[in-house]
1. Using the count of nearby Cβ atoms within 10 Å as a rough guide to exposure, how do 135, 129 rank from fewest to most?
2. Just need the relative contact order of segment 1-93 here, percent rounded to a whole number, with Cα pairs under 8 Å and 6+ apart.
3. Determine, from the Cβ-Cβ distance of residue 112 and residue 19 and an R0 of 25 Å, the FRET efficiency 1/(1 + (r/R0)^6), rounded to the nearest 0.05.
4. Taking a ≥ b ≥ c as the square roots of the Cα gyration tensor eigenvalues, with a/c under 1.5 meaning rounded and otherwise prolate when a/b beats b/c, else oblate, which class fits segment 90-187?
5. For segment 1-119, what does the alpha-carbon gyration tensor say about shape, rounded, prolate or oblate, given a ≥ b ≥ c as the root eigenvalues, a/c under 1.5 as rounded, and a/b over b/c as prolate?
6. What is the gain in length, in nm to one decimal, between residue 67 and residue 31 on full extension, counting 0.36 nm per residue of separation less the C-alpha to C-alpha distance?
7. Report, as a whole number in µm² per second, the diffusion coefficient that Stokes-Einstein gives for segment 1-58 at 25 °C and 0.890 mPa s using the Kirkwood radius over alpha carbon pairs.
8. Post the alpha-carbon centroid distance, segment 1-76 to segment 142-204, in whole angstrom.
Amino acid sequence: MRYEQAVKTVGGKVLTNFEKKVTKDSFNKRRFREQIDDASKIVEQMPYVTLAFRENGILSEKENPIRLLNTFQPNLWAQDIASESGKLGLMSIHTTKERAESSAEYVLRNYKTIHEILRDKGKTIYDFIDSYRYITMIEGAYYTLLSGAEVDESSARRVKSALMKRLIKSDINFRDITRITGVDFKDNLGLSQFADEIELTDLLKEVTEYDPYFARREGIIGQFKTINSRESFRKPERMTDKMAISIIETLMKKFPAAADRVIAQRNDLFTRV
């Protein structure tokens, strides 16, 4: 089956199943508060979706996730089809459970390899479904904060901490900036405070415009331009030149001594400042 046809067929089936599970009661303020609180706690501990499988023992600590990559596809493709049909807004933080169940159910019915993997690891289908719930909660935490939705202070802090961890791990330039300024990767509070100081949420709208992981949320995050789920679990976000310059300019205003240290050690990043 051609890739485009697979997206349409698989994504359409998952979306149909998902819509059957969603009700009017799925969308209310109480559920929003509960879901974003739970999701923010999960994402702070698991900034990457693959960590959901590691947490439940389906993927060992140093094991390559290649065998599990296809299990992400039904979830991602359903979002693609929802986006094309104007239904992506239904896949909000309110309905992460329904999306997880719909995607996991399709995988378990149609992907034989997942049963082999679960058997090899001594795990059950319930461990897999639970992992998928983590995956959709991780996604939901990110796009809820980046969408500009009103999120309570504690939840926002946790998600910002997770975003910092993603950038620090995936981008050596950003990692250098945080190291030079004395940010501790293991200090969640410190990470979120630094995120606020450099106005990270606004900066990320620029960098994530080119990151398919977030760009997929076009219906929720208006600034993002393209949908590309095929690459979304392979291509991490990167700090662009514009973002680097914005960070150092902010540091110059708020913490000139820290900015001087960064420029002294990584002047190549900021020659145009």
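1. 129, 135
2. 57 percent
3. According to the calculation, E is roughly 0.40.
4. oblate
5. Cα axes put segment 1-119 in the oblate bin.
6. Contour length minus the Cα-Cα distance gives 9.5 nm.
7. 171 µm²/s
8. 22 Å
No lab work stands behind these numbers, since they all come straight from the coordinates. Every value quoted in this text rests on a predicted model; they were computed, and no experiment measured them. FYI the Cβ positions are ideal-geometry reconstructions off the backbone, even for glycines, and counts take in every protein chain you see.
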